[in-house]
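Only one structure is covered here, and it is reproduced in the block below.
The values are calculated or read from the model by the stated rules, or taken from the named source; none is laboratory data. Model, not experiment: these values are computed from the prediction. Counting neighbours? That spans all protein chains shown, and the Cβs are built from the backbone with ideal geometry, glycine included.
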Amino acid sequence: MSRVILIKYGELTTKKGNRNLFINQLNQNINHKLKHLDLIIIKERGRAFIEFNNPSDLDEIIQQLRQVFGIHAIVIADKVTTDLDIIKSSSLNLMKEKEFKTFKIETKRSNKDFPLKSLEVNKALGSYLLQNIPDINVDVHQPDITLMLEIRKDYSYLYMDEIKGLGGYPVSIQGKGMLMLSGGIDSPVAGFLALKRGIKLECIYFESLPHTSIEARNKVINLIKKLTNYDSNIKLHIIPFTKIQEEIYQKTDAAYSMTIMRRMMYRITEKLALKNNCLVIINGENIGQVASQTLTSLFAINEVTTMPVIRPVSCLDKMEIISLANKIGTYDISILPYEDCCTIFVPKHPVINPRLDKTKELEKRINYQELIKESLDNVITIEVSNHSKEEFPDLL
């Protein structure tokens, strides 16, 4: 008998003809996550198995796997020879480690050559346990513990507990998306949810030095470091936005400044996304949360791009978003008091129902095409990994 980790795929098993593509990507992601450890990963169509040589690595392996999208459940299982007598004795040893009064057995028999059917295994194994453990009973409805048995050709697997995985799809299986990342609460959560659906992220951050600070930039870098728990490295594109923002506030209607600013951001994001082979734009816009996120505002802002825009948190309330931010470790970073370019010039009375025709007329007052080109020509790109320690002060 040896102890192994069994990985259940969950949603990946619904992919039919594309299942192997998803499983191969998941296997690649797991290998990358655990490459520093001494272990063997065996992937199969319905399960993956991790055999590890050092028992002290178990906790770290589990912790790393809990950050991998595409895993439905993680199980620590006893691997035994597919022989009924060995299964019985191993089950008894496993059950003796637990305190319980009632139990049930669930058997999955992928090896159809095994002489007993699943229900017959349940009865034989249950009878053996009842004979060898005093004062216990079978309860198939609400047992204290459930013994799971998976019967395969050469080996079978016994376990009782599952650790819930992140679910979703393996990162990168869907291609790349460009995340509009501010220093706020919503956009990092949007990035996390996009990763969950298998989208590889690149990030764009709009910087308005000297109105914003290096601390605001490092705040964004630290948010990305949290996201690299779920994807090993993420590119960050820092856009110099000062000239565009100053032009907007000097030459257009203050009430429309936020609408026009967001349109400029979308234009820049689309160009950068296409250049970097991203298929979608992702952001943390939340319906009705601020003036630029009413449906009328979103309509006026979105008009400048033909790329699909994914807004993962658009229909969540603020407390749901904060709860997710706390779970992924971004909340305490997001609330640090360093303003980004979206908050430094907020007008007192922003328009909440902007007219598209008026927005376009106001935009004609600035030579935004030239300003956008200048910003893109001076973009700073860095790669952030979960091993990054520097704060990149030399970029100033």
Criterion violated by Lys389 - all others in (1) more than 20 Å from Leu209 (Cβ to Cβ); (2) at pLDDT 95 or above satisfied: (2)
Selection from region 237-285 of residues that are part of a loop (DSSP other than H, G, I, E, B) and farther than 14 Å from Lys373 by Cα: Thr252, Asp253, Asn276, Asn277, Asn283, Gly284, Glu285
Every pair of residues 6+ apart whose Cβ atoms lie under 9 Å, when the first sits in region 235-252 and is within 17 Å of Leu376 (Cβ to Cβ) and acidic (Asp, Glu) while the second is buried (at least 17 other Cβ atoms within 10 Å of the Cβ) and modelled with pLDDT of 95 or more: Glu247/Ile366; Glu247/Tyr368; Glu247/Leu371
Qualifying residue in region 243-258 (condition: within 29 Å of the chain's Cα centre (by Cα) and not hydroxyl-bearing (Ser, Thr, Tyr)): no
Pair list, Cβ < 8 Å and 6+ apart or interchain, from region 200-216 residues that are assigned by TED's automatic domain parsing to the domain that holds Val280 and farther than 24 Å from Glu270 by Cβ to residues that are of a type outside the set (Val, Ile, Thr) and assigned to a strand (DSSP E or B): none
Of all residues in region 129-175 being exposed (fewer than 15 other Cβ atoms within 10 Å of the Cβ) and on the phi > 0 side of the Ramachandran plot, the one that is farthest from the chain's Cα centre (by Cα): Asp135
Flag if Ile87 is over 29 Å from Phe22 (Cβ atoms), surrounded by 15 or more Cβ atoms within 10 Å (Cβ to Cβ), touching a residue at least 24 places away in the same chain (Cβ under 8 Å) and touching a helix residue (DSSP H, G or I) at 6+ places or on another chain (Cβ under 9 Å): yes
Subset of region 90-125 [surrounded by fewer than 17 Cβ atoms within 10 Å (Cβ to Cβ) and closer than 18 Å to Asp154 by Cβ]: Lys108, Ser110, Asn111, Lys112, Asp113, Pro115, Leu116
